[in-house]
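The values are calculated or read from the model by the stated rules, or taken from the named source; none is laboratory data. If you're wondering where the values come from, they're calculated on a predicted model, not measured in any experiment. With ideal geometry, Cβ positions are generated from the backbone for all residues, glycine too; neighbour counts draw on all protein chains shown.
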Amino acid sequence: MTHLMRTTRPTFLIGACRHFDERFLSTLGNKIGMDLLADTPAAWQASLPVAKKGIGATRVEMIAPYAWMASQAAIVPVAHQFSIRPSDTTQLTRRLILDVIWHKLDEPGAGCQNLRDRVPRPDADFEAFYRAAPASARQLQGALCALVTQELLRIARCPSDDVSAVREQRIAQPNASRYLTVLPTEPELIMEDHEMRLIIKTRLGAPVIPGMEKLQRYSCGLCSQPYFGQDFAAHFLSCTAMTATEGLKRHNQSPASLPSTSNAVEDRSASSRK
Ligand SMILES: [Zn+2]
């Protein structure tokens with residue numbers, strides 16, 4: 001899909017992108033028991049990168065124009081060398097996308113201001129811009145996709161509520177979400193499907209247990225404390241009266257396994273030096 005997005009005009013590809021997103025998000029949604037295609041803060045949050053509070057379920061429909069634009073910028077020196085001129089449609093499509101980019105950059109309080117030096121204005125000479133500064137095209141796709149992240153962060157924000165605010169603050173801490181992107185090295189570190197479902201729902205602020213009434217008062221059978229609605233579902237993750245489980249064993253094992261792993265690496269590098 002990345003190759004297609006970089007090489008094909010988005011006006012031509014957008015239907016395929018939408019189809020791809022629908023298939024991908026409905027499959028992932030079925031796995032975790034959530035509607036990821038719904039217009040809800042939780043579903044939009046899921047589309048954010050893992051380091052930005054999401055689960056990295058990217059929507060290619062949103063990034064396709066920027067992927068193509070970045071590729072257009074990168075090929076300018078090569079196209080010039082072979083005297084290849086862009087077609088009228090290509091030039092028009094570039095201008096349309098640049099128009100959207102500058103509209104976003106000129107909004108009051110907009111982020112991504114580092115892009116201002118890296119993309120020409122819609123009516124500027126695109127070829128001349130990137131021939132003069134070819135380095136501006138380097139890693140441009142990632143920089144442009146920050147515009148999508150910025151927009152998703154805005155629409156994924158819940159109306160002010162204390163529980164969501166604490167949750168978002170926690171998962172946005174540096175490295176707080178690394179566990180979602182590393183590969184388990186030991187069988188004990190593998191997360192089961194039901195554990196992932198719980199993790200993702202909690203992360204996205206989706207109901208952990210569907211059908212729990214928001215204002216219904218529940219009482220924990222272990223510590224006897226009262227909780228309302230989904231707070232009660234979340235309490236299962238932190239009840240101090242709960243005894244150690246397989247899940248806790250996995251959690252505690254990671255620090256214990258670190259010294260042995262680093263020793264093994266040292267042993268290997270020592271023997272390879274011999
Ligand atoms: Zn409890």
| task | Answer yes or no: is there a residue in region 96-107 that is touching a Lys or Arg at 6+ places or on another chain (Cβ under 7 Å) and in contact (Cβ under 8 Å) with a residue 60 or more places away in the chain. | result | no
| query | If we scan region 180-192, do we find a residue that is loosely packed, with under 10 Cβ neighbours inside 10 Å, of a type in the set (A, V, I, L, M, F, W, C) and not assigned by TED's automatic domain parsing to the domain that holds Ala38? | reply | yes
| task | Using the structure shown, decide if Met191 is in a helix (DSSP H, G or I) and closer than 24 Å to Asp35 by Cβ. | result | no
| Out of region 194-230, which residues are among the aliphatic types (A, V, I, L, M), away from the ligand (no atom under 14 Å from the Cβ), out of contact with any strand residue (DSSP E or B) (no Cβ under 9 Å at 6 or more places or on another chain) and not in a helix (DSSP H, G or I)? | Ala206, Val208, Ile209
| said: Among the listed residues Thr149, Thr93, identify the single one that is more than 30 Å from Arg203 (Cα to Cα), in the same structural domain as Ala64 (by TED's automatic domain parsing), among the hydroxyl-bearing types (Ser, Thr, Tyr) and part of a helix (DSSP H, G or I). | reply: Thr93
| The listed residue being within 30 Å of Lys104 (Cα to Cα) and of a type in the set (Val, Ile, Thr), out of Val182, Val148, Val163, Val208 | Val148
| query | Can you name every residue in region 76-90 that is assigned to a loop (DSSP other than H, G, I, E, B) and either of a type outside the set (Ser, Thr, Tyr) or surrounded by 14 or more Cβ atoms within 10 Å (Cβ to Cβ) (or both)? | reply | Phe82, Ile84, Arg85, Pro86
| Which of the residues spanning region 26-60 are more than 13 Å from the chain's Cα centre (by Cα) and outside any loop (DSSP other than H, G, I, E, B)? | Ser26, Thr27, Leu28, Gly29, Asn30, Lys31, Ile32, Pro41
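Which residue is nearest to the ligand (Cβ to nearest atom), if the candidates are limited to region 231-247 and must be in a helix (DSSP H, G or I) and at pLDDT 65 or above?
Step one: filter region 231-247 for residues in a helix (DSSP H, G or I), giving 231-235, 246-247.
Okay, now just the ones that are also at pLDDT 65 or above, so 231-235.
Details: Asp231: 11, Phe232: 9, Ala233: 12, Ala234: 11, His235: 6 Å.
Result: His235.
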| message | Out of Arg250, Arg203, I need the residue that is basic (Lys, Arg) and at pLDDT 65 or above. Which one? | response | Arg203
| Within region 1-51, restricting attention to residues that are farther than 30 Å from Glu195 by Cα and touching a residue at least 60 places away in the same chain (Cβ under 8 Å), which residue is surrounded by the most Cβ atoms within 10 Å (Cβ to Cβ)? | Met5
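Of all residues being in contact (Cβ under 8 Å) with a residue 40 or more places away in the chain and among the acidic types (Asp, Glu) in region 147-179, which is surrounded by the most Cβ atoms within 10 Å (Cβ to Cβ)? Just the residue, please. Even if it seems obvious, please write down each step before you answer.
As a first pass, look at region 147-179 and keep what is in contact (Cβ under 8 Å) with a residue 40 or more places away in the chain: 147-153, 155-158, 163-164, 168, 171-172, 177.
Next cut, among the acidic types (Asp, Glu) only: 151, 168.
Numbers: Glu151: 13, Glu168: 17.
For region 147-179, the residue satisfying everything is Glu168.
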| query | So is Arg154 out of contact with any Leu (no Cβ under 6 Å at 6 or more places or on another chain), in a helix (DSSP H, G or I) and at pLDDT 90 or above or not? | reply | no
| Just one of Glu127, Glu107, Glu168 is closer than 30 Å to Pro207 by Cβ and of a type in the set (Asp, Glu); which is it? | Glu168
